[in-house]
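A short write-up of the structure that comes next.
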Amino acid sequence: MVEPPDVPRCPLGQFQLPEKYVGHPGGQYHISEAYASDSAAIMFLSYHSAVDMKKVAAKARVLGIDMPECGSGFDDVCSAIRQVQAEHPRQRLVFSVWCFAVSVALVVVTGLWIRRPTFGLAVAVGLAFEIYFFNVFHVRHHLGGRLFKHDLLDDMFDPLYTFLDYVYGYRPPAWHINHHTRHHIHTNTDKDPDVPGSYPGMRASEDQPLQWFHKYQTFYVPLALPFVIPMLPFYNVLASGGSIAALMAWLGTWWAMFYLHGWYGIGQYCFMYGVASVSITYKFLVSHVHPALGFAHSDPPGAQTMDVWMRQQIEESMTWGGYVGSFLFGGINTQIEHHISPALVPTFHPFLRPHLQRICEKHGINYTYEPTMMHAVWQFHKHLWALGQRSSPRP
């Protein structure tokens, strides 16, 4: 279809979404969040990266509907995503089966642990919760709440997921705003509440003021990690509009462990939480703290164009490991691929990585990769040490 020359092209930042779209497969709240953000067009394009937007845009313009432009670099990425999905069609099913198994296993292993707590079962429960939050919580909310894309399965597991998300996790409505419209749009800038929001406790960027205690941050940051996830129920109430009922339900689970097993049960609960919290927070932190990353304090000039935004996402994130990591941990290890296409299920990420690396080389974009989690952790601590000294870590 030939595009009419007299229809003006829509600048990225002026794209308008419909106020209501109840049939939207990503959920109505995605539409609402786009309205609440300063980058509705970026959200639209990144969440529809597997769609051939050139065809959609051409048809839309014939109808007089303005559509945002992708940019040549993002066009290459979208083509690569479509190619990967066509070459590996079963990976969506693999991910759905895995999430089903994780959901069932979490209930079973938690029940066994509550009945007869041991340190081995505590580790299993902690890892099961970690795998749940990376695969089910994280991906489910990026997909608009429909994890399985199957009415029976989605409806069957929804009560369990709602309980876990609101009682143990990051209150979803607040997470949607902070994660979708801030972290994913303004990664590693002063608008990002994640890593930059940890200052002054952790100095992760050169332009953040250096404090005397940052000299020791590479040593004291790990000591704080066991407390990050247990603090979420309190954060939900105090800072993100959560309900007292959810907090009381969480406290009730502690009382139940004490009632059943005394102080030994409380010790088991603390140990389980410590295991899960350290493992979860380390994986989040290493994804955006690395010596090779850009650490832009503010959005770069032209950030409201898709290719500039894409460069920022890639150069402010890093990827480690391969398929096993993406399968087990919901693509938290492949942050570059996830940031470029937030709604792409993580089992596709390892297949997309070589394509994306070639695209980055073509467009002169720095792509940061580490072979294992241990390599990423080493680089994380190395960078914290450098940023804790008075001399600049970069030439």
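The values are calculated or read from the model by the stated rules, or taken from the named source; none is laboratory data. Everything numeric in this text was worked out from a predicted model, so none of it was measured. Counting neighbours? That spans all protein chains shown, and the Cβs are built from the backbone with ideal geometry, glycine included. What goes into the accessible areas is simple: the full protein's heavy atoms, side chains included, and nothing from ligands, DNA or RNA. Shrake-Rupley method; radii C 1.70, N 1.55, O 1.52, S 1.80 Å.
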Given the structure, is Y166 closer than 25 Å to M231 by Cα and either touching an Asp or Glu at 6+ places or on another chain (Cβ under 8 Å) or open to solvent by 70 Å² or more (accessible area, probe 1.4 Å) (or both)? yes
Would you be able to tell me the number of residues in region 214-242 that are of a type in the set (S, T, Y), open to solvent by 20 Å² or more (accessible area, probe 1.4 Å) and within 25 Å of E316 (Cα to Cα)? 2
Does region 348-372 hold any residues that are buried (at least 22 other Cβ atoms within 10 Å of the Cβ) and closer than 18 Å to R90 by Cβ, and which are they? F348, H349, P350, L352
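Might you check whether a residue that is aliphatic (A, V, I, L, M), surrounded by 15 or more Cβ atoms within 10 Å (Cβ to Cβ), outside any helix (DSSP H, G or I) and touching a residue at least 40 places away in the same chain (Cβ under 8 Å) occurs anywhere in region 204-213?
Yes - at least one qualifying residue is present in region 204-213.
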Pairs please, first residue from region 314-325 and on the phi < 0 side of the Ramachandran plot and in a strand (DSSP E or B), second anywhere and surrounded by fewer than 23 Cβ atoms within 10 Å (Cβ to Cβ) and of a type in the set (D, E), Cβ atoms under 9 Å, 6+ apart in sequence or on different chains. T319/E370; W320/E370
Name every residue in region 169-203 that is in contact (Cβ under 8 Å) with a residue 24 or more places away in the chain, open to solvent by 30 Å² or more (accessible area, probe 1.4 Å) and not in a helix (DSSP H, G or I), in order of residue number. Y170, R171, D190, K191, D194
If a residue counts only when it is touching a His at 6+ places or on another chain (Cβ under 7 Å) and over 28 Å from L152 (Cα atoms), which helices (runs of 4 or more DSSP H) contained entirely in region 28-129 have at least 2 such residues? 72-87
Considering (1) modelled with pLDDT of 95 or more; (2) open to solvent by less than 10 Å² (accessible area, probe 1.4 Å); (3) farther than 24 Å from A224 by Cβ; (4) of a type in the set (A, V, I, L, M), say which one V324 fails and leave the rest. (2)
Cβ-Cβ below 8 Å, separation at least six or inter-chain, first residue in region 329-345 and on the phi > 0 side of the Ramachandran plot, second among the aromatic types (F, W, Y) and at pLDDT 95 or above: which pairs? G330/F134; G331/F134
